[in-house]
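In what follows, a single structure is set out as structure tokens and then discussed.
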Amino acid sequence: MRLILSAVLCLGALTTMATAEEKKADGKHDHECALDFKMADINGKKVDLEDYEGKVVLIVNTASQCGLTPQYAGLEQLYQKYKDKGFVILGFPCNQFGSQEPGTEAEIKQFCSTKYNVSFPMFSKIEVNGEDATDLYKFLTSKDVKPKGKGNVSWNFEKFLVDREGNLINRFEPKTKPGDAELVKAIESQL
């Protein structure tokens, strides 16, 4: 009887593994972590976010014509301070809030590099809320993490902190500055 039960359990585990592998091969696997996505960078090149596994990642939706746009300077300082310890910031331009990111990718790239010397990875313009939100942001906003919790992105420069394994661990309001003690503490605790 034990032998039959063991065989049934083993067969069930193999079936589950095979189903997961088939889903993955089809590109239809369930997203289990924040780095399970492919996104286009600011130059239009596809980037597998799994390439950032092993790093502490701060994901930020950005805009060039917002009252919070000067946060680019603080984000760049944060990136420079911790990048050698395995920290990276991923910037995702978004025009959903007050149409404050109307430019093309080339204009956004030029603005970020000339005005704020941004050297962290920037991506193509996306939507973060609604039906047209990217799957990455649908995933991020579905998770109930502190201090903000789950739900729609409220404005430009909302920040999502991801640990080295790709787990979303914190979410910070747009007005939380890059040098904010709570944000810095959260980053440092993962480095």
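Ranked by the mean number of other Cβ atoms within 10 Å of their residues, highest first, the peptides 108-119, 90-101 fall in the order 90-101, 108-119.
The HN-Hα couplings worked out from phi for the stretch 159-166 by the Karplus form 6.51 cos²θ - 1.76 cosθ + 1.60 (θ = phi - 60°) are 10, 10, 9, 10, 7, 5, 8, x Hz, whole numbers, x standing for Gly and Pro.
Highest mean packing first, where packing is the average number of other Cβ atoms within 10 Å per residue, the peptides 182-188, 57-63 line up as 57-63, 182-188. The mean of 1/r over all distinct Cα pairs in the stretch 31-188, once inverted, gives the Kirkwood hydrodynamic radius of 15.3 Å. Phi angles of the stretch 88-93 translate, via the Karplus equation with coefficients 6.51, -1.76, 1.60 and θ = phi - 60°, into HN-Hα couplings of 9, 10, 10, x, 10, x Hz per residue; Gly and Pro are given as x. Summarising the amide proton neighbourhood of N95: residues at separation of 5 or more, or on other chains, whose placed amide H is nearer than 5 Å comprise I126.
Would you mind counting up the charge near N95? Only other residues with Cβ under 10 Å from its Cβ, with Lys and Arg at +1 and Asp and Glu at -1. Intermediate values should be presented prior to the final figure.
On the way: positive: K125; negative: E101, E127.
Around N95, the surrounding residues sum to -1.
All of the numbers you see were taken from the coordinates with simple rules; none came from a lab. The model shown is predicted, which means the values in this text are computed figures rather than measured ones. Quick reminder, even Gly has a Cβ in these numbers, built from the backbone with ideal geometry, and neighbours come from all protein chains shown.
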